[in-house]
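Written out below as structure tokens is the structure these notes cover.
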Amino acid sequence: MHRKLALVLVLLALGLAGCTGPFASAPEEEGTIRIVIGPPENETATIEPKVIPDEATKVRIRVWHPDTGFNAVATVTIGAEDEVNIPVPADEGYTVDAVSYYVQENRPLALTGGRANGVDVATDAVTNVRISLREWHSDVFGDNNVEPESMFGVEIVPTDGGGLLALQTFKGATLHTSATAFDEPDDPLPLFPGTQGILFDDRIAFTAMAPDVNELTVLFVAALVEFSQNWMDATLADRDEHSLFIEFPNRHTGEDLHQVTIDPAAGGLVVEISDL
């Protein structure tokens with residue numbers, strides 16, 4: 001089930017003399033980004049309905065500039081807050097990102113994301129922004145059949161998510177595996193092996209060791225990926241919620257876990273003893 005919400009981003013620009021930080025006290029010349037989640041109350045903003053999963057409880061907004069280094073983050077609780085104001089210098093070429101998420105066992109997990117590029121904030125003008133929030137998907141490549149205690153590789157290629165991908169968005173990842181399925185969203189993420197991954201422009205790569213088993217075993221595999229520091233919201237009271245995370249494959253949006261088969265018969269030494 002999904003719910004339709006209107007996510008409205010209105011950029012109000014009044015010019016800028018200087019900005020010492022994204023949440024510094026705003027001089028009169030400073031612009032403001034006003035973000036409203038809920039039905040529109042007037043026709044001055046451009047409205048586009050967004051598909052946000054029912055599980056989502058919050059939306060995190062990031063406004064940043066690729067050239068000036070400006071970065072501001074704010075979090076809105078769905079149904080509890082109508083809007084949040086973010087001071088923004090008047091300039092051209094902003095990027096506005098949004099992520100819907102919910103908190104599971106003190107960990108904020110991303111569900112859908114979206115991006116608007118090339119947003120201009122002009123003096124004494126209102127800029128309307130559209131963002132489509134979309135689910136991430138992931139393709140998983142690598143070894144499907146391995147021997148016990150052998151190394152195997154996994155490559156995860158995230159797609160969609162409104163364009164919030166790889167090095168643009170994430171900073172680190174760990175691989176989590178178990179011989180017991182944990183495909184239900186409420187199942188705890190297994191700790192083993194917690195192997196660190198390597199992030200590339202378009203994929204995340206892992207190398208891990210298969211456990212020692214003496215019978216055919218299916219290993220269920222997923223990665224926990226952390227968003228970059230630029231997505232942190234240190235204003236939230238719960239420190240565990242400052243950072244954002246996402247799982248690949250994302251079982252919280254219906255993706256199936258990756259599977260690796262461990263086959264003891266695939267290799268090794270077989271010794272036959274005969275009395276002849």
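Points worth noting:
- The single condition among (1) in the same structural domain as Glu247 (by TED's automatic domain parsing); (2) within 14 Å of Arg62 (Cα to Cα) that Asn145 does not satisfy is (2).
- In region 93-113, the residues that are within 21 Å of the chain's Cα centre (by Cα), closer than 12 Å to Val63 by Cα and surrounded by fewer than 22 Cβ atoms within 10 Å (Cβ to Cβ): Thr95
- Close pairs from region 170-193: first within 18 Å of Ser243 (Cβ to Cβ), partner among the charged types (D, E, K, R), Cβ under 6 Å, at least 6 apart: Lys171/Glu226; Gly172/Glu226
- Lys171 satisfies every condition listed in (1) part of a loop (DSSP other than H, G, I, E, B); (2) touching a Ser or Thr at 6+ places or on another chain (Cβ under 6 Å); (3) within 14 Å of Ala110 (Cβ to Cβ) except (1).
- Scanning region 238-248 for residues that are of a type in the set (A, V, I, L, M, F, W, C) and not in a strand (DSSP E or B) returns a single hit, Leu244.
- Qualifying residues in region 143-180 (those that are farther than 30 Å from Thr95 by Cβ and of a type in the set (D, E, K, R)) - the one surrounded by the most Cβ atoms within 10 Å (Cβ to Cβ): Glu147
The values are calculated or read from the model by the stated rules, or taken from the named source; none is laboratory data. As the structure is a prediction and not an experimental result, all values here were calculated from the model. Every residue, glycine among them, receives a Cβ derived from its backbone with ideal geometry; neighbour counts consider all protein chains shown.
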